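Asks: Dropping the structure in here first, questions after.
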Amino acid sequence: MATERHYRRSLAEIDLRRIKDNFIRFREAKAPGAFICPMVKANAYGHGATHVAKALRSAGAKYLGVALVEEGEELRRAGDRDPILVFGPVDREAAETVVRESLTVVVSEWDHLDVIEQARNQLGETRVSVHAEFNTGMNRLGFEVNEAAKVREWFKANSNMKLEGICTHLLRGDDAGADEGESATQLRRFYEVSQAFSDMPALIRHGLNSSAVINLVGQTQASDPKFFEFVTSLGARPGIGLYGYGGKNDEGHTLGLKPVMSLRTHIISLHRVAKDARVSYGPTWKAPRESLIGVLPFGYADGYRRGLTNKSSVLYNGHRVPQVGTVCMDYFMIDLTDVESKLKVPAKVGDEVFLMGEQGTERITADNLAEWAGTISYEILTGIGKRVPRVFLG
């Protein structure tokens, strides 16, 4: 197979050492041996699923979570044979792949059980493992709380389908541990669900996301100790936290998470423009003075959102430099006038620029980009395009 070649020096650098460290911090925040399923859906939040999966396995992750059957199949093709949970829905065709590839589906509808059982019969498998999701307030996927006993009876009557776990999905998590709040309401409903499976003590029970794990750190008081013990014993499915975001709660407890991805490119062209000269489409920006404009080969097709126009900054030689003019599909421009004056060194074509990451004492994160673009860090990270090569460290 020919090696894929890239001629543009724009790349996403992925520090796999930080992925492993972030995972270990989540694992240490839970009780020893607690279920933890790091999420590698959406190409590992834009970081590169197969490489991230290998790093997590090497750090001790027994389970991995994906959203799509195709994502689980991709990991299998890369040689991953350990448990993979698929949280998305399955139809008849997808069910055959699930059974053939020994994926574990998180079922949320009666139809899912039917098609998986049919696929199991057709392919001659003796037993298939699944988890069952319950809707406790997210109102997206899941059996209803009042169906818990019925679900339990179905598995009693269908012994070839092994119920390995039950779970729910929090609509937030940053209020986990509080006696009141949306997370408490959901988790009390899930506690009710769990009681319907009380005769299955080995059943995995999971429902905590990154922010829930972080917000339970240091929590020692609760008005209902039995319920609080249930909550803190729940398995976790860290997502965004694995990639270095959302690492601190309101009480100041932190897991010390570090961002995993940095984005870098280089200057490909320089223009000295007169005062009032226009830059880029629109135009949305004109030079307030004679200015030095640098062109970077990175645009909204690469994931640098058009909504960042005239709002964002980049790092050049340890200094913040403003982005100017409308962000284009393949390029955007920066105003180097002030930094050239500070550095007393002329900018050159080929000079490195960080769009996200650390340079000197300055730092730009996905949270910064999200704030400037009016979105969230998840969308920034998952939106980094396929044509941006991932380079892996560690």
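Residue by residue, here is whether (1) buried (at least 19 other Cβ atoms within 10 Å of the Cβ); (2) over 24 Å from Arg81 (Cβ atoms); (3) out of contact with any Cys (no Cβ under 8 Å at 6 or more places or on another chain) holds:
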{"site": "Glu101", "(1), (2), (3)": "no, no, yes"}
{"site": "Val115", "(1), (2), (3)": "yes, no, yes"}
{"site": "His131", "(1), (2), (3)": "yes, no, no"}
{"site": "Glu147", "(1), (2), (3)": "no, yes, yes"}
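Asks: Filter region 21-56 down to the residues that are in contact with a Lys or Arg (Cβ under 9 Å, 6 or more places away or on another chain) and outside any helix (DSSP H, G or I) and list them by number.
Replies: If the condition is that a residue be in contact with a Lys or Arg (Cβ under 9 Å, 6 or more places away or on another chain) and outside any helix (DSSP H, G or I), then Ala34, Phe35, Ile36, Cys37, Pro38, Met39, His47, Gly48 are the ones that fit.
Asks: Which of the residues belonging to region 275-300 are within 21 Å of Ala366 (Cα to Cα) and either in contact with a Gly (Cβ under 6 Å, 6 or more places away or on another chain) or not aliphatic (A, V, I, L, M) (or both)?
Replies: Pro297, Phe298, Gly299, Tyr300
Asks: Right, something else. Is it fair to say Asn209 is crowded, with 19+ Cβ neighbours inside 10 Å and either closer than 18 Å to Leu381 by Cβ or touching a residue at least 60 places away in the same chain (Cβ under 8 Å) (or both)?
Replies: Here the answer is yes, as Asn209 does meet what is asked.
Asks: OK, next. What's the number of the condition Thr337 fails, among (1) of a type in the set (Ser, Thr, Tyr); (2) without any contact (Cβ under 8 Å) to a residue 24 or more places away in the chain; (3) touching a Ser or Thr at 6+ places or on another chain (Cβ under 6 Å)?
Replies: Single failed check for Thr337: (2).
Asks: Across region 57-71, which residue is least open to solvent (accessible area, probe 1.4 Å) among those that are assigned to a helix (DSSP H, G or I) and either within 17 Å of His47 (Cβ to Cβ) or in contact with a helix residue (DSSP H, G or I) (Cβ under 6 Å, 6 or more places away or on another chain) (or both)?
Replies: The qualifying residue least open to solvent (accessible area, probe 1.4 Å) is Val69.
Asks: Any residue in region 137-144 that is open to solvent by 40 Å² or more (accessible area, probe 1.4 Å), basic (Lys, Arg) and modelled with pLDDT of 95 or more?
Replies: Within region 137-144, one or more residues are open to solvent by 40 Å² or more (accessible area, probe 1.4 Å), basic (Lys, Arg) and modelled with pLDDT of 95 or more.
Asks: Provide a single number: the residues in region 165-188 that are closer than 30 Å to Ala95 by Cβ and crowded, with 16+ Cβ neighbours inside 10 Å.
Replies: 7
Asks: Looking only at region 15-33, which residues are of a type in the set (Phe, Trp, Tyr) and either open to solvent by 20 Å² or more (accessible area, probe 1.4 Å) or more than 21 Å from Thr220 (Cβ to Cβ) (or both)?
Replies: If the condition is that a residue be of a type in the set (Phe, Trp, Tyr) and either open to solvent by 20 Å² or more (accessible area, probe 1.4 Å) or more than 21 Å from Thr220 (Cβ to Cβ) (or both), then Phe23 is the only one that fits.
Asks: Filtering region 233-255 down to residues that are of a type in the set (Ser, Thr, Tyr) and either modelled with pLDDT under 90 or outside any helix (DSSP H, G or I) (or both), which residue is surrounded by the fewest Cβ atoms within 10 Å (Cβ to Cβ)?
Replies: Among them, the one singled out is Thr254.
The values are calculated or read from the model by the stated rules, or taken from the named source; none is laboratory data. These figures come from a predicted structure and were not determined experimentally. Glycine gets a Cβ as well: all are built from the backbone with ideal geometry, and neighbour counts include every protein chain shown. The area values use the complete protein model at the heavy-atom level, side chains included, leaving out ligands, DNA and RNA. Shrake-Rupley method; radii C 1.70, N 1.55, O 1.52, S 1.80 Å.
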